[in-house]
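Peer 1: Below is the structure I would like to discuss, written out as structure tokens.
The values are calculated or read from the model by the stated rules, or taken from the named source; none is laboratory data. In this text the structure is predicted, and so the values were computed from the model without any measurement. Cβ placement follows ideal geometry from the backbone for every residue including glycine, while neighbour counts extend to all protein chains displayed.
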Amino acid sequence: MSVLDTFRHKDLDALRVGRFNLGINTSFIVYRLQDAVIDTGPSNQWKYVRPFIQSRPFSQLLLTHHHEDHAGNAGAIHRLTGVQPRAPEKTVEILKRGFRIPLVQKLIWGSAGRADAAPLPAEIAIGGELVTPIFTPGHAKDMTCYLLPGRGWLFSADLYIANYLKMLRSDEDIPTLLDSIRKVLGYDFDTILCPHRGLVENGRQRLREKFDYLLELSENAQALQRQGLELRAITERLLGREGMISVLSRYNFSKRNLVASCLKVKPDRYR
Ligand SMILES: [Zn+2]
């Protein structure tokens, strides 16, 4: 498998790559807007990302978080072009020391390359337009979204992806994610640029739907817990049986992780 798609939206270029064409969770979109590239794609797709990177000059590489599909080529791009990746402070630390990834992720994305990233500048601009970085932990502890207020565009990293989450990684945290989504909903935007889903119109509305869904799932899970059900039973009742990926990942990525994290939500904070 290789390049799956390219598309253009106004002055935005997008390249979708992926080793397996099994839907949005196994492919990744590298975006280029004016003088900036946002995230890098996974290292096992470098062969295809490289010509995209080289096809036009750019002067900044912005990373949203350290995950291997987002930052896997950051070091390679730095070496190739001399453009040092810029990233949130926590991301800089993680990329410097390197990190281990589970086998299933390694199979899909390749290994996580190290990179020598620099912290974000005090003021970020793309093609002269101001960018607002929004710190949005929950999916990852270092994640940051990039908002272009002038356009109403949000580079959403992995904040959105889909309206309805069915599974969660063990290092993700729903209470933190809900806080982050609520924070982002406080800004004005209408287009989400998701590195997995692609361009999402009415993005703010879609993100609100995700927020509502997670809150409702949390309330339902907690109601079942009050009735005395255990985690596995609650999970099966609300989300059905675990699938192959859950088993293959040894429940590192599973439905029960999602429910367990929803049980920690304090719904009163949001109602
Ligand atoms: Zn991620």
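Peer 1: Which one is nearest to the chain's Cα centre (by Cα) among residues in the stretch 138-164 that are of a type outside the set (G, A, S) and surrounded by fewer than 20 Cβ atoms within 10 Å (Cβ to Cβ)? Break it down stepwise before answering.
Peer 2: Going through the stretch 138-164, the residues of a type outside the set (G, A, S) turn out to be 139, 141-149, 151, 153-155, 158-161, 163-164.
Still in the running and surrounded by fewer than 20 Cβ atoms within 10 Å (Cβ to Cβ): 141, 149, 151, 161, 163-164.
Values: K141: 11, P149: 20, R151: 21, I161: 7, N163: 14, Y164: 15 Å.
Selected residue: I161.
Peer 1: Sticking with this one: Name the residues in the stretch 209-230 that are closer than 22 Å to H139 by Cα and either surrounded by fewer than 16 Cβ atoms within 10 Å (Cβ to Cβ) or modelled with pLDDT under 95 (or both), would you? Working first, answer last.
Peer 2: Restricting attention to the stretch 209-230, the residues satisfying the condition of being closer than 22 Å to H139 by Cα are 209-222.
E209, D212, Y213, E216, E219, N220, listed by residue number.
Peer 1: Still on this model: Answer yes or no: is there a residue in the stretch 204-220 that is small (G, A, S) and out of contact with any strand residue (DSSP E or B) (no Cβ under 8 Å at 6 or more places or on another chain).
Peer 2: From the stretch 204-220, those small (G, A, S) are 218; that's our starting set.
Imposing the further condition that a residue be out of contact with any strand residue (DSSP E or B) (no Cβ under 8 Å at 6 or more places or on another chain) reduces the set to 218.
Yes, that holds for at least one residue.
Peer 1: Can you give me the number of residues within the stretch 171-194 that are in a loop (DSSP other than H, G, I, E, B) and touching a Ser or Thr at 6+ places or on another chain (Cβ under 8 Å)?
Peer 2: Initial filter on the stretch 171-194 (in a loop (DSSP other than H, G, I, E, B)): 171-173, 186-190.
Filter once more, so that each one left must be touching a Ser or Thr at 6+ places or on another chain (Cβ under 8 Å): 172-173, 187.
Looking only at that region, the number is 3.
Peer 1: List, please: which pairs have Cβ atoms under 7 Å, are six or more places apart or on different chains, and start with a residue in the stretch 127-156 that is farther than 20 Å from T91 by Cβ and hydrophobic (A, V, I, L, M, F, W, C) and end with one that is away from the ligand (no atom under 13 Å from the Cβ) and modelled with pLDDT under 95?
Peer 2: none
Peer 1: Being assigned to a helix (DSSP H, G or I) and under 24 Å from P88 (Cβ atoms) is the filter; apply it to the stretch 25-51 and report the residue that is nearest to the ligand (Cβ to nearest atom).
Peer 2: Filtering the stretch 25-51 down to residues assigned to a helix (DSSP H, G or I) leaves 25-26, 43-51.
Next cut, under 24 Å from P88 (Cβ atoms) only: 25, 43, 45-46, 49.
Values: N25: 11, S43: 15, Q45: 16, W46: 18, V49: 17 Å.
Step by step, filter the stretch 25-51, then rank; the result is N25.
Yes or no, residue by residue, for (1) farther than 30 Å from L185 by Cβ; (2) modelled with pLDDT under 95; (3) more than 16 Å from the ligand (Cβ to nearest atom):
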{"site": "L61", "(1), (2), (3)": "no, no, yes"}
{"site": "H70", "(1), (2), (3)": "no, no, no"}
{"site": "I77", "(1), (2), (3)": "yes, no, yes"}
{"site": "A112", "(1), (2), (3)": "yes, yes, no"}
{"site": "H139", "(1), (2), (3)": "no, no, no"}
